[in-house]
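Asker: Sharing a structure here in structure tokens format.
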Amino acid sequence: MILKAAQFMLPPFGLLLVCAVMASAAELPQLGKSPTADVIAAMTREEKVNLVVGMGMRAPGLSLPPDMQGPVVGEVHMGVPGAAGSTFAVPRLGIPSIVLADGPAGVRIQPNREGSARTYYCTAFPIATLLASSWDVDLVERVGAAMGNEAKEYGVDILLGPALNTHRNPLGGRHFEYFSEDPLISGKMAAAIVKGVQSQGVGTSVKHYVANDHEWNRDAIDVKVSERALREIYLRGFEIAVTEARPWTVMSSYNKVNGTYTSETAGLLTGVLRDEWGFEGLVMTDWFGGRDAVAQMKAGNDLLMPGTARQQKALLAALTSGALDEKILDRNIANILEIIRRSPRLQGHKHSDAPKLKANARVGRSAAAEGMVLLKNEGVLPIPSAAKIALFGNTSYRMITGGTGSGDVNEAYTIPLDKGLKTAGLIIDVSLAEGYAGHIAEQEQKQPAPRPFMLPPPLPERTLSAEEVARAAREADVALVTVGRNSGEFRDRRLEDDFELATAERSLIKNVVDAFHAQKKKVLVVLNVGGVIETVSWRDMPDAILLAWQPGQEAGHAIADVVTGVTPPSGKLATTFPARWEDVPSSANFPGKTLLGPDPNDARGPLAADRAAEIAYEDDIWIGYRHFATKDVKTAYPFGYGLSYTQFKYSDLELSAPELAETLTASVTITNTGQAAGREVVQLYVSAPGKSMAKPALELRGFAKTPILKPGQSERVSFNINARDVASFDAAEAAWTAEAGVYTVKIGASSEDIRQSTAFRMAAPRKLIPAKVSLAPKMLKDTPPTHTS
């Protein structure tokens, strides 16, 4: 129609000019058909700057100060309201805008849209800590595939997850998003999520790279950490995820490492990520991360998200002045365009807005049950069908599916525990349920108005009379008390009433236990929590404790599956439960110290923080069980711990060779010696000679989960061990090295429950993988990028 209008309005010369311009446009390179270099060569400087800066952020109820305003006024989410952000399009070159959405526990978008009667709910999957507690990479990959299905069918090109920062301290506010204290578990689980999501043709963003391990002053904190700890603990999980799963993108973190923002550190983004690990995707910032857009470009941070007008102006000015070489911008754009090439949008996918929600909910339910950890069981579980249950605790009726902030999901429903148990055939104490329903409704009316990304205060526990508890004890067969905890972005957890039980919770457990034990009846405590809590002071009171974590929207069904024996418990702890918070080595200086207080003119609301802060990682490599086992510190529940409804015997451990040359195999037989079916998580630890440098008493080097074994059934489990698996980073040698000597292989049911052991030798020390870049504190800022593609 445009061409016809031009024909009627223009004289012959004008018509020829229009036709010539249109013919020229038709000959422009197109991203879907032309080489990337040709597309970049056809871009203007303004278009290049647009492509490396996102379109901005819109969030209902969130007002941004001027320096955080996006380049675009109006729609920035390309038809997917609630998405976290999007990139600019260059239509004349066939470059579409792509959409990015939060996703550690499921796709986070708005469930309702103006002018539409349909809904756009997503599945709230179990939190990452629960998934890691399953120790089942195949199951976790299926969860990833379900997430990818929902992302793709709702029009999302890149899911912003998984997150795999380290459980360094139990008070970390976003630990529910992270997998473990151990880099092997974290890396393998993250790789499984990436493989699953990307199997659907949707990208992932492995985050937050690196050492963003708590929330306090996260965008100002300077993490002081040794190169050995950085590589062995904090980078190692990312390395596994990147090299094994090839994520489309990696997200740099808010914090500094040894003096420089990670998003401005070439040594991390280019030297390690690209040159050492071979990463070929794009690197994006966390939202509003870093300070210097030009430094970010130079370091290899390709995409600035969500994008601000201030960043656009700074980059255009730097290009004009020569402070930023256009070749650097071209290099970063090439990385972005290669990802856009893979995106569903460029591939022509027409999203249906109808993902497989029912099937995906079943995947979430299965994963939730597999990742729950039975901490104690003295004749309570499994509960027989038709038993009458007295349910205590607010959270029994209002389950916490997951944490808040970008790790939250807008799901269609949540199955409370009372409903899940009733569906499983158990009988619920109606009087108690009605009392809790009234209490919860009353307290919810008193809650303050919700604030975007912020955690609402917990509801006060209901106060029960002694007679009400006594009546329940007379009439019910068993009591179940649920303890709930939630956390999220911007704030770390507290000791009082969070890591430790609140006075009301402690009293509730004691009163229920006293009343039910007086009737010779049992009490089960269910922990609906996102992170580690203190248990030593109260765990002797109840007869059983089930760690349900935050199990996603199918919470009540999944817990019922475990407590009734439909799914026998097989989860194991991927993070240590210390006896006391003070026993955690990082507690000495957690969360850090303020160097420069907040700007009195800071208008960022919940984003406001100190202007400068730092934390010294004085615990070095001695994180979690590495510390507890080496220093012989007693734990409440050790890393790798978890009970079953049956017992397993470990036997016939064999190595394929007495000496490690390239690779050797360790094999062990697992036999179900109990009376019920079950699965066992088999853990392989290695103790190194520890003569050339200090080494932990043992380190996890492999794990496997058996299939369901019936009573008397056996499974032979094998692990491959190579020199890289037992190496440590020697900063003096600037390389991963494996020392000569005797290595002990320890196969066990937890880090403190070793069932079989043997040994192999390494005849000579080996310098395995030399570092291509130094991450020593004085080197980080000035390390030039070498990657050029």
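The values are calculated or read from the model by the stated rules, or taken from the named source; none is laboratory data. Please read all numbers here as calculations on a predicted model, not as lab measurements. As a convention, Cβ positions derive from the backbone with ideal geometry for all residues, glycine included, and neighbour counts pool all protein chains shown. Just so you know, the surface numbers come from the protein's heavy atoms only, side chains and all, with ligands and any DNA or RNA stripped out. Shrake-Rupley method; radii C 1.70, N 1.55, O 1.52, S 1.80 Å.
Asker: So, in region 291-334, exactly how many residues are open to solvent by 10 Å² or more (accessible area, probe 1.4 Å) and on the phi > 0 side of the Ramachandran plot?
Answerer: Final tally of qualifying residues: 1.
Asker: Moving on to the next point. How many residues does region 443-496 hold that are modelled with pLDDT of 95 or more and assigned to a helix (DSSP H, G or I)?
Answerer: 12
Asker: When both residues are 6+ apart or on different chains and their Cβ atoms are under 8 Å apart, which pairs have a first residue that lies in region 137-150 and is under 17 Å from Glu244 (Cα atoms), and a second that is basic (Lys, Arg)?
Answerer: Once the first residue is under 17 Å from Glu244 (Cα atoms) and sits in region 137-150, its partners that are basic (Lys, Arg) give Val137/Lys188; Glu141/Lys195; Gly144/Lys195.
Asker: Quick one: in region 34-66, of everything that is in contact with a Lys or Arg (Cβ under 9 Å, 6 or more places away or on another chain) and not in a helix (DSSP H, G or I), which residue is modelled with the lowest pLDDT?
Answerer: Only one residue fits best here, namely Gly61.
To keep it simple, each residue is scored yes or no on (1) surrounded by fewer than 22 Cβ atoms within 10 Å (Cβ to Cβ); (2) within 30 Å of Gly741 (Cβ to Cβ); (3) at pLDDT 95 or above.
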| residue | (1), (2), (3) |
| --- | --- |
| Asp619 | no, yes, yes |
| Thr646 | yes, no, yes |
| Ala661 | yes, yes, no |
| Ala676 | yes, no, yes |
| Gln683 | no, yes, yes |
| Ser692 | yes, yes, no |
| Lys705 | yes, no, yes |
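Asker: Report yes if some residue within region 347-364 is at pLDDT below 95, open to solvent by less than 60 Å² (accessible area, probe 1.4 Å), outside any helix (DSSP H, G or I) and among the small types (Gly, Ala, Ser); otherwise report no.
Answerer: Taking every residue of region 347-364 in turn, at least one turns out to be at pLDDT below 95, open to solvent by less than 60 Å² (accessible area, probe 1.4 Å), outside any helix (DSSP H, G or I) and among the small types (Gly, Ala, Ser).
Asker: For Val513, indicate whether it is in contact with a helix residue (DSSP H, G or I) (Cβ under 7 Å, 6 or more places away or on another chain), modelled with pLDDT of 95 or more, of a type outside the set (Lys, Arg) and under 19 Å from Asn394 (Cβ atoms). I'd like the intermediate steps shown before the answer.
Answerer: Values: in contact with a helix residue (DSSP H, G or I) (Cβ under 7 Å, 6 or more places away or on another chain): no; modelled with pLDDT of 95 or more: yes; of a type outside the set (Lys, Arg): yes; under 19 Å from Asn394 (Cβ atoms): yes.
Against the criterion (in contact with a helix residue (DSSP H, G or I) (Cβ under 7 Å, 6 or more places away or on another chain), modelled with pLDDT of 95 or more, of a type outside the set (Lys, Arg) and under 19 Å from Asn394 (Cβ atoms)), Val513 does not qualify.
Asker: Condition check: out of contact with any helix residue (DSSP H, G or I) (no Cβ under 9 Å at 6 or more places or on another chain), of a type outside the set (A, V, I, L, M, F, W, C), more than 29 Å from Val53 (Cβ to Cβ) and at pLDDT 95 or above. Does Lys224 satisfy that? Before the answer, list the steps.
Answerer: Details: out of contact with any helix residue (DSSP H, G or I) (no Cβ under 9 Å at 6 or more places or on another chain): yes; of a type outside the set (A, V, I, L, M, F, W, C): yes; more than 29 Å from Val53 (Cβ to Cβ): yes; at pLDDT 95 or above: yes.
In short, yes.
Asker: Looking at Thr575 and the list (1) closer than 15 Å to Asp182 by Cβ; (2) of a type in the set (Val, Ile, Thr); (3) open to solvent by less than 40 Å² (accessible area, probe 1.4 Å); (4) touching a Pro at 6+ places or on another chain (Cβ under 7 Å), which single condition is not satisfied?
Answerer: Just one mismatch for Thr575, condition (4).
Asker: Here is a check on your reading of the model: is Arg228 part of a loop (DSSP other than H, G, I, E, B), among the charged types (D, E, K, R) and open to solvent by 10 Å² or more (accessible area, probe 1.4 Å)? Steps first, answer last, please.
Answerer: On the way: part of a loop (DSSP other than H, G, I, E, B): no; among the charged types (D, E, K, R): yes; open to solvent by 10 Å² or more (accessible area, probe 1.4 Å): yes.
So Arg228 does not fit the description; no.
Matching residues to (1) within 23 Å of Ala132 (Cβ to Cβ); (2) over 20 Å from the mean Cα position of the chain (by Cα):
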position: Val210; (1), (2): yes, no
position: Trp216; (1), (2): no, no
position: Val225; (1), (2): yes, yes
position: Ala229; (1), (2): yes, yes
position: Met251; (1), (2): yes, no
position: Thr262; (1), (2): no, no
position: Trp287; (1), (2): no, no
position: Gln296; (1), (2): no, yes
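Quick grid of which residues meet (1) under 23 Å from Pro344 (Cα atoms); (2) open to solvent by 10 Å² or more (accessible area, probe 1.4 Å); (3) part of a helix (DSSP H, G or I):
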site	(1), (2), (3)
Cys122	yes, no, no
Leu131	no, no, yes
Ala146	yes, no, yes
Asn149	yes, yes, yes
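Asker: Something else now. Which number in (1) farther than 25 Å from Gly402 by Cα; (2) in a loop (DSSP other than H, G, I, E, B) marks the one condition that Val566 misses?
Answerer: Of everything listed in (1) farther than 25 Å from Gly402 by Cα; (2) in a loop (DSSP other than H, G, I, E, B), Val566 misses just condition (1).
Asker: Which of the residues spanning region 365-382 are over 14 Å from Met147 (Cα atoms), open to solvent by less than 10 Å² (accessible area, probe 1.4 Å) and touching a Ser or Thr at 6+ places or on another chain (Cβ under 8 Å)? Break it down stepwise before answering.
Answerer: Initial filter on region 365-382 (over 14 Å from Met147 (Cα atoms)): 366, 368-382.
After this cut, where a residue has to be open to solvent by less than 10 Å² (accessible area, probe 1.4 Å) as well, the list is 368-369, 371-375.
Answer for region 365-382, where residues must be over 14 Å from Met147 (Cα atoms), open to solvent by less than 10 Å² (accessible area, probe 1.4 Å) and touching a Ser or Thr at 6+ places or on another chain (Cβ under 8 Å): Ala369, Gly371, Met372, Val373, Leu374, Leu375.
Asker: Out of region 432-475, which residues are among the charged types (D, E, K, R) and open to solvent by less than 60 Å² (accessible area, probe 1.4 Å)?
Answerer: If we filter region 432-475 for residues that are among the charged types (D, E, K, R), which is where we start, we get 434, 442, 444, 446, 451, 461-462, 467-468, 471, 474-475.
Glu461, Arg462, Glu468, Arg471, listed by residue number.
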